[in-house]
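Enquirer: Pasting a structure below so you can have a look.
The values are calculated or read from the model by the stated rules, or taken from the named source; none is laboratory data. If you're wondering where the values come from, they're calculated on a predicted model, not measured in any experiment. All Cβ positions, even for glycine, are placed from backbone atoms using ideal geometry, and neighbour counts span all protein chains on display. Remember, those area values only see protein heavy atoms, side chains included, never the ligands or the DNA or RNA. Shrake-Rupley method; radii C 1.70, N 1.55, O 1.52, S 1.80 Å.
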Amino acid sequence: MQYEIDTSDTQVNWKAKGDERIVQNVQNLISTFRYEVGFDRTKGVDPRLLDMESNEAMALYISEIYRLVETHEPRAKVIKVTPNDITPYGDVNAKVVIEIL
């Protein structure tokens, strides 16, 4: 089954179970920057994208989404990433379609 994740939506569902839990895991992965996770410093999006031009930042962000999901959430597969925009604060927004395996 396929699910769409909007990276601008950061609400946490504390009671998520099953597929919803996997979707939330993916959303957390792609919303976290590297070095933020205490015991796994390499988990998260590369923070260098904050200082890049928008086209380069978006390209890096998309590649990081594929890498993170493949590495840290083997129950999901990224089908498509559609970039939306980059906010003035450096937040990258995209729509990510994943499939639960």
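Enquirer: In the stretch 31-42, is there at least one residue being among the small types (Gly, Ala, Ser), within 20 Å of ASP85 (Cβ to Cβ) and more than 13 Å from the chain's Cα centre (by Cα)?
Expert: No, the stretch 31-42 contains no residue that is among the small types (Gly, Ala, Ser), within 20 Å of ASP85 (Cβ to Cβ) and more than 13 Å from the chain's Cα centre (by Cα).
Enquirer: Moving on to the next point. Give me the pairs, please: first residue somewhere in the stretch 50-75 and acidic (Asp, Glu), second residue anywhere and open to solvent by 70 Å² or more (accessible area, probe 1.4 Å), beta-carbon distance under 9 Å, and either six or more positions apart or on two chains.
Expert: Matching pairs, first to second residue: GLU70/LYS77.
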